[in-house]
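Heads up, the thing below is written out as structure tokens.
The values are calculated or read from the model by the stated rules, or taken from the named source; none is laboratory data. Remember, predicted model here, so these are calculated numbers, not experimental data. We place every Cβ from the backbone using ideal geometry, glycine too, and count neighbours over all the protein chains shown.
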Amino acid sequence: MSRFFFDVHDGTMHLDEFGMESINLEDARSIGLRLLSELNRDDIAKGCDRYALTVLISDEDHHPVYTATLSLTGIWLLR
């Protein structure tokens, strides 16, 4: 088991200073995707129509091991 860090970029980089310990790579991936989902829900509730969220997962030596990006583009189709 290792420590993984979950940095989030939403236009600004938010560095994870503490990380999460005692998880494996597959658990780290699941946590990162769940984090994107939760942040996405918050942004949609704020009425955002265009944004991208990225999570960068790094190991305990701060080497990147996984990244995922979730993007949303909403366009009004009224004339």
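Collect the residues in region 57-79 that are under 18 Å from VAL8 (Cα atoms) and not in a strand (DSSP E or B), keeping them in residue-number order. It would help to see each step written out before you state the result.
We begin by selecting, within region 57-79, every residue under 18 Å from VAL8 (Cα atoms); these are 57-72.
Selection gives ASP59, GLU60, ASP61, HIS62, HIS63.
Total residues in region 19-28 satisfying the condition of being on the phi < 0 side of the Ramachandran plot and in contact with a Lys or Arg (Cβ under 9 Å, 6 or more places away or on another chain): the figure is 3.
Restrict the check to region 40-60 and report whether at least one residue is among the small types (Gly, Ala, Ser) and surrounded by 14 or more Cβ atoms within 10 Å (Cβ to Cβ).
Step one: of region 40-60, the residues among the small types (Gly, Ala, Ser) are 45, 47, 52, 58.
Those left that are additionally surrounded by 14 or more Cβ atoms within 10 Å (Cβ to Cβ): 58.
So far as region 40-60 goes, yes, one or more of its residues are among the small types (Gly, Ala, Ser) and surrounded by 14 or more Cβ atoms within 10 Å (Cβ to Cβ).
The set of residues from region 10-28 being among the charged types (D, E, K, R) and assigned to a strand (DSSP E or B) comprises just one member, GLU21.
Restricting attention to region 59-79, which residues are out of contact with any strand residue (DSSP E or B) (no Cβ under 9 Å at 6 or more places or on another chain) and closer than 22 Å to ILE44 by Cβ? It would help to see each step written out before you state the result.
First, the residues of region 59-79 that are out of contact with any strand residue (DSSP E or B) (no Cβ under 9 Å at 6 or more places or on another chain): 61, 63, 76-79.
Of everything in region 59-79, those that are out of contact with any strand residue (DSSP E or B) (no Cβ under 9 Å at 6 or more places or on another chain) and closer than 22 Å to ILE44 by Cβ turn out to be TRP76, LEU77, LEU78.
Exactly one residue among ASP16, ASP61, ASP7 is at pLDDT below 95 and charged (D, E, K, R), and that residue is ASP61.
When the criteria are applied in full, THR67 meets the requirement of being out of contact with any Asp or Glu (no Cβ under 6 Å at 6 or more places or on another chain), among the polar types (S, T, N, Q) and exposed (fewer than 15 other Cβ atoms within 10 Å of the Cβ). Take the residues in region 1-29 that are aliphatic (A, V, I, L, M) and surrounded by 14 or more Cβ atoms within 10 Å (Cβ to Cβ), then tell me which one is farthest from the chain's Cα centre (by Cα). Restricting to residues being aliphatic (A, V, I, L, M) and surrounded by 14 or more Cβ atoms within 10 Å (Cβ to Cβ), the top hit is ILE23.
If I filter region 30-53 down to residues being within 23 Å of TRP76 (Cβ to Cβ) and part of a helix (DSSP H, G or I), which single residue comes out as farthest from the chain's Cα centre (by Cα)? Outline the logic, then answer.
Kept after step one, since they are within 23 Å of TRP76 (Cβ to Cβ), are these residues of region 30-53: 40-53.
When the remaining residues are screened for being part of a helix (DSSP H, G or I), the result is 40-45.
Numbers: ASN40: 9, ARG41: 12, ASP42: 13, ASP43: 13, ILE44: 15, ALA45: 17 Å.
This residue is ALA45.
Within region 21-51, the set of residues being hydrophobic (A, V, I, L, M, F, W, C) and at pLDDT below 90 comprises ILE23, LEU39, ILE44, ALA45, CYS48.
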